[in-house]
Amino acid sequence: MSESIVPPEVRPKPAVPAKPPHVAAPSPTAPHGPSGLGGGVGVDRVPGLGHSGGGSTLLGYIGIDTIIEQMRKKTMKAGFDFNIMIVGHSGLGKSTLVNTLFKSQVSRWSSGWGSEHKIPKTVEIKAVSHVIEEGGVKMKLTVIDTPGFGDQINNENCWDPISKYINEQYEKFLKEEVNIARKKRIPDTRVHCCLYFISPTGHSLRQLDIEFMKHLSRVVNIIPVIAKSDTMTLDEKNEFKHRVRKELETHGIEYYPQNEFDDDMEDKNENDKIRETMPFAVVGSDKEFQVNGKRVLGRKTAWGVVEVENPNHCEFALLRDFLIRSHLQDLKEVTHNIHYETYRARRLNDNGGLHPISLNLQPKEFWD
C-alpha cells in the first residue's frame, strides 16, 4: 500500500491591527529603517524577513505615545504636594499675597488665627494644609508661615528656627526612605519654595535680608519678591530691583532659578529672562473692585485702583505664572535632586552610611 501524503498545514495570515484614526500612513519616501516610534506610527524593518528588498514591516500600530496618558492617569490618582514657605517681617502682606496666588483662603489667618493674636517674641513656624482642586487635578498645598521673623529688637540668628524646620523635613523624608519596609508613597513635607519678602524701601537690602538669604539659599529654593510695590514709582521700582540684584550678586547669594541648574539652552534662555525680571515687584489683594465694567482684584488708592493682575501695574501675574504654570514641577525636582540629595549624602556620610539617628541636630552641624 502506498503511504498517504499529508498536505502541509496552511496557517492563516495574522490580522493587521487597525491604526487609530489620528495616525497617518507612512510616507512612501520615508527611508528604510526604524521609524515612527516618537510619532505614533510603529513601523520598523526587520532584516532577514520577507522580501528581498531588505525586510518586512512590523504589523500594526504599537502606541508608544500612550505612555504619556498612562503617566497622566497615575499622577492624577496620586495627586500632587506643594509646600511653600513665606518669610518676611509683619505688615508686608505675605498672607494676602499667598491667598491671591491660589485664589483661596490658604493663609494662617483663615485657619484659626485672628487679629487678636500678638506677634510672637521669637520666630514660630505655622504650617497650614489645604487640598485645592481645579480641572479634576488635586493638589495638597501647605503654606508655612514664619510669624515673628525680623520683628524683634535683636534679630541675631533669627533664621535658625527656619533652617532647623527645613532640615527636619529632609530628615523625616530620609528616615522613611531608609526604612526596610518603607511606604509606597512617602509623605512629602519638604519645603519646595521659599518666598522671601523684601521691604519696599527703595534704598537697599537690610543686613537681615542678606544674612537670611546667604544662610538659607543653600538648603531651599529662595524666590525674592518686593512686597507692596505700589508704594514706589516706576523709576524707583526699577532702580530698586537693579540695586537688589547687584547686592545679591556681590554677596554671592544664589536664588531660584540657579544658573547651574539650567538643563539646556531652551531652559537657559527662558530662565535668563526670568532672572532679569527678579525680584518680582508684587501687590497682593483679596478684594474686588469694578474697573471699566469688570470685576478685578486690586488695592484702592486716592488716584484709582491698583489692579493686581494687570502687568502694567505690578508683576504679580509674572510671579504666578512662574511659580505655578511653568516652574512648579521644576521647584519640586530641584528640591529633591539638589537640596535633599545634598542633605542626604552628607547625613549618611557623617553617620557611616547607616540609618539616620535623631532629629535633635541643629542645622549648623551640617551647613556651617
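Quick look at the values:
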| read-out | value |
| --- | --- |
| Residues of the stretch 127-150 that turn out to be of a type outside the set (Gly, Ala, Ser) and surrounded by fewer than 16 Cβ atoms within 10 Å (Cβ to Cβ), as a count | 7 |
| Close pairs from the stretch 311-323: first surrounded by fewer than 16 Cβ atoms within 10 Å (Cβ to Cβ), partner among the small types (Gly, Ala, Ser) and modelled with pLDDT under 95, Cβ under 8 Å, at least 6 apart | 311/317 |
| Failed item, numbered, when residue 306 is tested on (1) assigned to a strand (DSSP E or B); (2) at pLDDT below 90; (3) not acidic (Asp, Glu) | (2) |
| Residue among 153, 119 that is among the aliphatic types (A, V, I, L, M), in contact with a Ser or Thr (Cβ under 8 Å, 6 or more places away or on another chain) and at pLDDT below 90 | 119 |
| Long-range neighbours under 6 Å by Cβ, at least six apart or interchain, first residue part of a helix (DSSP H, G or I) within the stretch 337-350, second hydrophobic (A, V, I, L, M, F, W, C) and open to solvent by less than 70 Å² (accessible area, probe 1.4 Å) | 339/219; 344/174; 346/366 |
| Residue that is out of contact with any strand residue (DSSP E or B) (no Cβ under 7 Å at 6 or more places or on another chain), modelled with pLDDT under 90 and in a helix (DSSP H, G or I), where the choices are 266, 239 | 266 |
| Test: residue in the stretch 283-302 that is within 17 Å of the chain's Cα centre (by Cα) and in contact (Cβ under 8 Å) with a residue 40 or more places away in the chain | no |
| Residues of the stretch 191-219 that turn out to be assigned to a loop (DSSP other than H, G, I, E, B) and either acidic (Asp, Glu) or open to solvent by 10 Å² or more (accessible area, probe 1.4 Å) (or both), as a count | 10 |
| Close pairs (7 angstrom Cβ cut-off, 6 or more residues apart or separate chains): on the phi < 0 side of the Ramachandran plot in the stretch 261-281, aliphatic (A, V, I, L, M) and assigned to a helix (DSSP H, G or I) anywhere | 261/334; 261/338; 277/318; 279/244; 280/318; 280/319 |
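The values are calculated or read from the model by the stated rules, or taken from the named source; none is laboratory data. Given the structure is predicted, the values throughout are model-derived calculations rather than measurements. Counting neighbours? That spans all protein chains shown, and the Cβs are built from the backbone with ideal geometry, glycine included. Areas reflect the complete protein model, heavy atoms only, side chains present, ligands, DNA and RNA absent. Shrake-Rupley method; radii C 1.70, N 1.55, O 1.52, S 1.80 Å.
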